[in-house]
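Below you'll find the structure, written out as structure tokens, and then a few comments.
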Amino acid sequence: MKKRQVAAALAAVSILLCACGKKDDKDAKTKLAKEDSQATSKISEKTDDTKSTDEAFTPAFDLDKDLYSFFADDSYKPFARMTCILSVQTSWSTIIDLNAEEKSFQGEYQSATGNIDGSGYDVLKCDFSGNIDGFTRVNKYSFSTHVTKMETEKFETKNEKYMDMPATVSYAEPYGFVKADELILYLPNAPVAEIPKEVTEWLEGNAEVSETLDNYVLYNKAEGTAFLISAETFTSKTRQVTAAELNKLPDTLLDKHNGVTLSIDKASQTASLERGNTGYTDLHICGSADRDDILYIYGSNNQGHTIILQIAGVGPMTVLVSNDPDLPSGMLIDLK
């Protein structure tokens with residue numbers, strides 16, 4: 001508003017000069033100089049005010065533009081717990097429950113083959129566990145850890161039930177994790193061109209791979225195997241949320257175990273979240289452009305922390321990704 005007033009004053013002085021002619025030239029010039037000096041002073045004051053405001057202002061987090069930089073920032077830490085799955089749409093899988101906080105893991109390998117005569121199954125199985133030395137950042141899109149100990153539970157062949165059918169169960173070493181030393185955790189939005197070819201080959205067995213990763217991936221360098229981190233799909237490709245999707249959510253959702261309250265304003269398509277003394281307001285709500293059953297709720301607070309909630313299946317269970325120490329990444333929030 002001040003700038004507009006200054007501009008109007010300068011325009012009026014110019015018109016006055018033209019009307020008065022040379023007779024009042026000297027006086028008009030003096031007046032113009034005075035007005036110009038005042039204008040410069042006002043603009044300078046406005047610029048200083050704007051600069052002060054900008055320095056204190058934290059730009060809003062934009063999921064479409066800022067997701068990569070969010071994961072690349074040193075304030076981001078890996079999930080405390082991760083379920084890592086190695087499988088290619090077949091009847092076998094190796095699943096690892098990795099606890100980054102306790103630096104330990106437990107896993108199971110299982111493969112089942114039906115008998116030709118339909119009388120039952122031959123099953124290969126292995127339970128295993130071990131320790132890691134903790135995750136450290138490698139670069140903007142990955143972390144690294146090393147397996148320091150691993151044990152498998154051997155057993156004699158036995159008869160059990162599988163899929164309600166008789167099964168011969170035998171011990172076998174865990175496929176894809178027999179040898180394990182360095183494990184690389186690749187983050188969502190990591191450029192596919194910068195990761196090993198073995199990783200994309202495993203991922204292509206389950207879904208089409210784009211230019212960047214949509215999931216967390218745990219790569220076992222020793223065997224060239226890539227484990228998908230279950231149920232964690234984060235993409236920067238978003239869409240507008242629909243009224244039908246919002247109507248499936250209550251106005252207020254509460255997780256008593258974690259002390260989290262999430263409030264939904266369906267009219268403005270925004271949300272707010274509270275946990276103890278930690279609060280977020282004006283959170284954006286959007287959908288995944290690739291998945292009809294995924295919503296994102298995201299935003300930053302005045303301390304510069306950012307949270308992203310992923311609601312899969314447009315239901316009450318949500319996964320939290322965060323660089324806020326009061327809301328640790330990987331927290332599974334059951335909002336009912």
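Brief remarks on what is shown
- Taking every alpha-carbon pair under 8 Å whose residues sit at least 6 apart, the stretch 237-334 reaches a relative contact order of 20 percent.
- Student exercise, the stretch 131-212 dipole from Lys, Arg, Asp, Glu Cβ charges, in Debye to nearest 20: 220
- Summarising the label geometry, the points placed 7 Å from Cα in the beta-carbon direction at Asn277 and Lys256 lie 2.6 nm from one another.
- Estimated dipole of the stretch 107-265 in Debye, rounded to 20 [Cβ of Lys and Arg +1, of Asp and Glu -1, Cα centre]: 340
- Cα shape, the stretch 81-233, gyration tensor, a/c 1.5 rule: oblate
- Charged side chains reduced to their Cβ positions (Lys and Arg at +1, Asp and Glu at -1) give the stretch 237-334 a dipole of some 120 debye around its Cα centre.
- Label positions at Thr157 and Val138, each projected 7 Å from the Cα along the C-beta direction, are separated by 4.0 nm.
- Placing pseudo-labels 7 Å out from each Cα toward the beta carbon at Asn99 and Ile116 gives an inter-label distance of 4.6 nm.
- Shape call, the stretch 148-243: gyration tensor on alpha carbons, a/c limit 1.5: oblate
- Links that overshoot a 19 Å alpha carbon limit, given the list Lys103/Lys256; Lys77/Lys103; Lys197/Lys221; Lys77/Lys140: Lys103/Lys256
- Förster-model FRET efficiency, 51 Å R0, Glu108 and Ala243, C-beta, rounded to 0.05: 0.75
- Given their separation in residues at 0.36 nm each and the Cα-Cα distance between them, Glu198 and Gln269 gain 21.5 nm when the chain is fully extended.
No value in this document is a laboratory result; all are computed from the given coordinates. Just so you know, these numbers come straight off a predicted model, no measurement behind them. Note: ideal-geometry Cβ built from the backbone for every residue, glycine included; neighbour counts use all protein chains shown.
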